[in-house]
Amino acid sequence: MSWALLRIEFVVCAWIIVLLLGDLLVPPPRKASLWKLALAGAVACGVVLGLTPIEWIGHRFQDMFVLDRFALYFKSLSLLTVGLVIIMTRHLTASGRPSTRLRLAQDDPQQALSVKTEARLEGSLPHPGAFYMLLFTALLGMLVLASVQDLLLLFIGLELLTFSLYIMAAYLKTEPQAIEAGMKYLILGSVSAGFLVYGISLLYGFAGDTSFRVLQAAIAKGPVPWTAQAGLLLIVAALGFKVAMFPFHLWVPDVYQGAPTPVVALLSVGSKIAGVAAMLRVLFGVFMPLEGLWADVLAGLAAATMLYGNLGAIPQTNIKRLLGYSSIGHAGYLMMGISTASSAGAQAVGFYALAYLLSNSAVFLVIASAASAVGGDSLEAYNGLSRRSPLLAAVLFVGLLSLAGVPPLAGFVGKLLVLLATMDSGRLWLVMIGALNVVVSLYYYLMVIRRAYLLAPSSSQPIVLDGLTRLTLLALCAAILIIGVVQQPFLEQVGLALRP
Amino acid sequence: MRQSHPHLVRRIAVTATGLSLVAAVWAVMTYDRARGGYQHELLVPWMTDLGINWHLGMDGISATLALLHALCAFAGVLISYAIKDRVKEYYLFYLLLISGVFGVFLSLDLFFFYFFYEMAVIPMYPLIGIWGSDTREQGVVRFTKEYAAIKLTIYLTAGAVLALVGILWLYVGTGASTFDIVSLERQFAVTPVPANLQRAIFPLLAIGFGFIVPLWPFHSWSPIGHAAAPSAVSMLHAGVLMKLGAYALIRIAMNLLPVGAQTWLPVLAALCVMNIIYGGFVAMAQKDLKFIIGYSSSSHMGYVILGLACLTTLGLNGAVLLMFAHGIMTALAFALVGHVYDQCHTRYLPDLGGLAHQMPFIGACGVMAAMASSGLPGFANFVAELFVFVGGWDRYRVQTICAVFGVVITSVYMLRFVRGTFFGPVKPVYAHVHDAVSPFARLPYVLLALVLLGVGCWPAPLVRLVDSGARPLIQRVAPQEVGRLAGQR
């Protein structure tokens, strides 16, 4: 039975091979439909996850891996993210698109010019099979991180995720921006991996083992030397890189601007949530007794992260770059919840992660669907979106306002819970900063909404969406609204997962 | 629903607000004034872990304000027939705004109070940004509507989050384990909130809600916002939205933090004099009609704050009555300014004049609004202002004298407004403009003016309704005041 605990991970591994074979066997013209295979894989994983027997919950595999409610919750979030990312890639691999483009180009010579430049900028995803394979290795990393009970496994999970993202960030390898994005991410990511390994080795020197159980016992037993404390802070720094915490956030804006939109969605949602899960595992699971050491550090960094992200977003002119800064701001809120070192804080972080996933994915799905039609990622391209596609504009409206934390949307409840937990932990100054950041973030989100609703469009061509995208957009919108209004059942589930 | 059916959309909006007006009137009629307290309650546990309940109900104060809101919303939807562009979206946001404001007046739970409060603020952005108008002075744009919209939204949200911090602090600091206002009242009656905590939280709530009142010096969003908004939105905005702040001060800050109120209300009373005098003088200097009404609104809200700062039954009654009277009056004023702007395409006072010839009906309404605003007997405002002045006399004598002087300033700029717009020589440029002719177009004006006159001539029922809410509140918050007054009698 112990191996069976890993069966979701096995399914993902199997699907990596299926995708590899699929890429080999499917003839090139039909490769664009590989997304269906990938989506089927995500659904299969979801089914396996949903069928996890209750009596397995709480079982461990060799002190390395645990399948508890916490793990299941974050695994479902990761799976959901990957499923949404696959739907976003449709627009980049779908075979229907070039012909639409051609038809457009024939209609209007000026349009043809802009389409041509856009094609160079946006580009479709080459080698979809390889892309989906990388997506699934990243998923594997995230799934492992949710269950981690050993520092070495933490390293493996994190690197699985990060390595896949290195390649995916530079996936459009003929474009200078993408190469810059990949390079920046690679260099800073490697530095943070160095931090992680160094931290692990210091902790190994302290406890004589890398498993969480032994570490817990060692911390409970005796004085913790400064080397081990330094090791802990190094690990926090490495995870801080994943969630884009100040001052480890420097890669974010450039990578967000250069990488393909679905990859950015994965980075900003999946990678962040996996990093938060790992942080909760390490800090809450093992280092709770040393709360005095890390809680204040995290609180200070959370404040700096929020301020940097939200203030930095104001002057941006590229929507992906803007969302990059905004995602730094959200990392600040997540850190704020973790810095409470309380179970209420953990619950708040869990809820916030769910709300953030839905809202941010909704916004990225809009960007991915609109990019080719509006011609690029500049904010100006979104002028008058509501006349060209009321649905896209409405989802953008709901998603951005949910990110800003406006009732009755999910993001509001997440922010409220985080602020409440922080107030409970006695940091009034942090609550003040968090609350004022709501105002700052509302400003730049409204500036995007202003373009979509207030300004006149440059072209009146309606944007046509396919059925699946339409359905997903509506489902995300409905989920954001439902979670924002009927919070109790979701709060209960999150509480079960995150309040032991 | 398609954009091509604007009539259907309009009809749905009229039906919805009409029904809510009927419901509000019904709720007020069936409210048992003798019993007082919260009535028509609805309680559904919502987030049980945090003690959040879906708790709706009304006492005399919220019943009065809900009625005001229902009247303004109904009139506003009728006035909105002037909107011709993107009708469906307009009504979507407008109805969202209306439901948010209803939610605030009826919530008896701090969480939902904030929930609806913020929900009422956000639709203002698209409403002003899309359907609003730039403020021009001699043809030059002074403020764009986008600037007005973002300024308003950011100011109000900043106020809201400050108040939210105050609410969270109250919740955590007292270990309350519930957001339910009624439960909190009971709990605080047994174990009062520590005095220092009250004194620390009260300014957060007062400034936070003061943003929307708008209390001087946080008022600068308001005239710009009023001026840029389409007239139906200005009506709701000046008529009702500003009252949210004062209502929140009463329902949350004063009700739950009596010691904090005792300490800080004199400061509010001093600030509100700035509202009255400064707002009045600035209104005198304005040349844009909407700016005149906008500054006059922030000036009048000064009286409301003065009334509630008294912490006496009389003063609080006056404050709530004035909220009602001023809401109706200002809605009427914005509606007719909107009509003038629609017809003449300018709101610049020096360009207007003699319009009473072309639009006698609107002109008559303008005169009524001006008289009501100046507090002439016979209009509801007179009764309310009298209450405030008498209530304030004992405690804030200097402030009350200033406030009475404010009435003079009001009559100066309101008469100027009426004279400059409706009287004087007829200008040939406006030969073609029309009055509100059809009974349907006149309905909102008639409705609002009748309510103003009706309450002014026979205020007793409304006063008793307000009193049934204000008296227990003052008894709870400032029992010594009630005792003192009783002794005097």
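Tabulated values for the structure
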| quantity | calculated |
| --- | --- |
| Dimensions in Å of the protein assembly as shown - Rg and Dmax from alpha carbons | 30.5, 98 |
| Long-range HN-HN contacts of A:D150 with modeled amide H, under 5 Å | A:F212 |
| Cβ-placed point charges (K, R +1; D, E -1), dipole of chain B about Cα centre in debye, nearest 20 | 580 debye |
| Separation of alpha-carbon centers, region B:368-420 and region B:444-474, rounded to whole Å | 17 Å |
| For region B:96-155, the Rg and Dmax computed from alpha carbons only, in angstrom | 14.6, 48 |
| Chain B: C-alpha gyration tensor shape, a/c 1.5 cut-off, then a/b vs b/c | prolate |
| Neighbourhood charge, 11 Å Cβ-Cβ cut-off, centred on A:Y443 and excluding it, Lys, Arg +1 and Asp, Glu -1 | +2 |
| Between region B:256-333 and region A:342-417, the alpha-carbon center distance in angstrom | 38 Å |
| Amide H partners (placed H, <5 Å) of B:R142, local residues excluded | B:T135, B:R136, B:E137 |
| Taking B:V404, B:V101, A:V224 and counting other C-beta atoms within 10 Å, the order from fewest to most | B:V404, A:V224, B:V101 |
| Dmax and Rg, reported as Rg then Dmax, of chain A (C-alpha, Å) | 21.9, 76 |
| Footprinting exposure proxy for A:L51, B:L205 (fewest neighbouring C-beta atoms within 10 Å first) | A:L51, B:L205 |
| B:W46 long-range amide H proximity, modeled H, under 5 Å | B:I52, B:N53, B:W54 |
| Computed magnitude of the charge dipole of region A:24-84 (debye, nearest 20; Cβ of K, R +1, Cβ of D, E -1) | 380 debye |
| Highest-first arrangement of B:304-310, B:197-203, A:336-342, B:187-193, where packing means the average Cβ count within 10 Å | B:304-310, A:336-342, B:197-203, B:187-193 |
| B:S296, B:S222, A:S425 arranged by Cβ crowding within 10 Å, fewest neighbours leading | A:S425, B:S222, B:S296 |
| Residue-wise HN-Hα coupling along region A:352-367, computed from phi with Karplus coefficients 6.51, -1.76, 1.60 (Hz; x: Gly, Pro) | 4, 4, 5, 4, 5, 4, 5, 5, 5, 5, 4, 5, 5, 5, 4, 5 |
| Averaged over A:403-413, number of beta-carbon atoms from partner chains that fall within 10 Å | 4 |
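Each value in this text was obtained by applying a stated rule to the coordinates, not by laboratory testing. Every value quoted in this text rests on a predicted model; they were computed, and no experiment measured them. When we count neighbours, we look across all protein chains shown, and the Cβ atoms used for this are built from the backbone with ideal geometry, even at glycine.
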